[in-house]
Amino acid sequence: MVERSFYNTHSQYFDSMKQYLNAVLMVAVMVTFLACGGQNTPETDTLSSEEESQASSSSNVVEITIRPVGNEMKYGVESITVDAATDITLILENIATSPVMSHNVVILKSNNDDDVNRIGFAAIAAGEANGYLPEDDAILTATPMAKPGETVRVSFTTPSEPGVYRFICTYPGHYALMQGELIVI
Ligand SMILES: [Cu+2]
């Protein structure tokens with residue numbers, strides 16, 4: 001930016017602002033491009049989700065947003081009812097501010113306390129480098145870990161079998177309290 005001529009005349013001011021805004025826009029476009037293309041995760045961006053749903057028989061991807069209750073170890077939504085075999089994008093918007101309130105949403109293939117406890121314990125051993133997400137056959141899908149202020153998402157297809165599927169937060173110390181149910185009908 002040309003700071004010295006910035007305020008010389010109105011037209012220079014607006015030219016500079018225009019250049020500045022163009023630069024901001026370019027950076028935003030680049031960040032969006034990198035965010036969409038740079039990750040090798042099960043997430044899908046909005047565009048490809050729409051393309052996929054147009055190609056398949058279902059008409060829309062259902063978006064579900066979950067937020068924690070402030071700085072509590074508690075999901076604001078503890079019961080979600082969805083249709084079987086439906087494309088879902090689950091969004092976790094972590095509005096917490098406390099540094100120990102990182103959260104994720106790990107959906108299990110069951111509503112079984114043994115599975116919940118085993119995965120909750122294994123998460124600690126999995127460690128921060130793995131987002132406190134253990135490898136376990138009983139995990140259906142999971143969002144990445146969201147630090148306070150972050151938003152994460154995961155896209156998946158709900159099970160074809162109706163039933164109750166537990167979801168938990170696997171940040172150390174959270175899973176016993178931070179749970180909910182995905183009810184597939
Ligand atoms: Cu949590």
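What follows is calculated from the coordinates using simple rules that are stated; it is not laboratory data. Predicted model only: the values in this text are computed from it and were never measured. Because the Cβ atoms are built from the backbone with ideal geometry, glycine has one as well, and the counts that use them run over all protein chains shown.
What about Gly120, is it surrounded by 21 or more Cβ atoms within 10 Å (Cβ to Cβ) and within 14 Å of the ligand (Cβ to nearest atom)? Taking the combined requirement at face value, the residue satisfies it. Taking the conditions (1) in contact (Cβ under 8 Å) with a residue 60 or more places away in the chain; (2) within 15 Å of the ligand (Cβ to nearest atom); (3) surrounded by 15 or more Cβ atoms within 10 Å (Cβ to Cβ) in turn, Ile91 satisfies each one other than (2). For segment 130-185, the candidate set comprises residues that are small (Gly, Ala, Ser) and in contact with a helix residue (DSSP H, G or I) (Cβ under 8 Å, 6 or more places away or on another chain); within that set, the residue that is nearest to the ligand (Cβ to nearest atom) is Ala176.
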